[in-house]
1. What is the set of long-range amide H partners of Thr26 at a cut-off below 5 Å, with H atoms built 1.01 Å from backbone N?
2. Around Gly72, what is the net charge, scoring Lys/Arg as +1 and Asp/Glu as -1 over all other residues with Cβ under 10 Å from its Cβ?
3. Sort Val64, Val123 by accessible area with a 1.4 Å probe, largest first.
4. Could you sort Ser55, Ser43 by accessible area so the largest value comes first, with the probe set to 1.4 Å?
5. Report, by chain and number, residues whose modeled amide H sits under 5 Å from the one on Arg63, excluding near sequence neighbours (fewer than 5 apart, same chain).
Amino acid sequence: MLKTAIATLALVATSVFAGPKVAVDTNLGRFVVELNQEKAPVSVENFLKYVDDGSYVNSQFHRVIPGFMAQGGGFAKDFKRLPTYAPIENEASNGLDNDAATIAMARTRDPNSATRQFFINFVDNDFLNYSVTNPAMPYSVRLLKVLTSYKKWGKNQRAAPAE
């Protein structure tokens, strides 16, 4: 049985000492991500473009897999696909990994296909890390403040979008 959680997003960017920080507000609570502009400048610029234009607001986490990850940013509350900018260059060879409580860009089989969707790793997902045979797409990738609610998403059958 597929378990799904939907979380409506509102993202606000701030720049402080290390890298840009983005507050993610969902109906399950708030968490903050810090983006690694030094190691993933193209991915960070791309992610912030969607934050700054406001198009992540009222998007949702449409795929939540317990013990794996939550993916969001690509669909509106009504499950309509949201418009994208051009795909970006893959920066996965930058040394950043898909560890627990990190964020990464989602892509298709084409390594250079990431646009607006991202995912949050619930656990260390080493099999997604970059190698010559697996050009994964990690970027930013440190959650600064994570409410325990994000770990509960996989336990909910369905979480209602925030209004």
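The values are calculated or read from the model by the stated rules, or taken from the named source; none is laboratory data. Note that the coordinates shown come from a computational prediction; the quantities given were computed from them, not determined experimentally. Every residue, glycine as well, gets a Cβ built from its backbone with ideal geometry; the counts of neighbours run over all protein chains shown. Just so you know, the surface numbers come from the protein's heavy atoms only, side chains and all, with ligands and any DNA or RNA stripped out. Shrake-Rupley method; radii C 1.70, N 1.55, O 1.52, S 1.80 Å.
1. It is Phe31, by chain and number.
2. Residues close to Gly72 contribute a combined charge of +2.
3. Details: Val64 5, Val123 55 Å².
Final ranking, largest accessible area leading: Val123, Val64.
4. In descending accessible area the options line up as Ser55, Ser43.
5. Long-range HN contacts for Arg63: Gln71.
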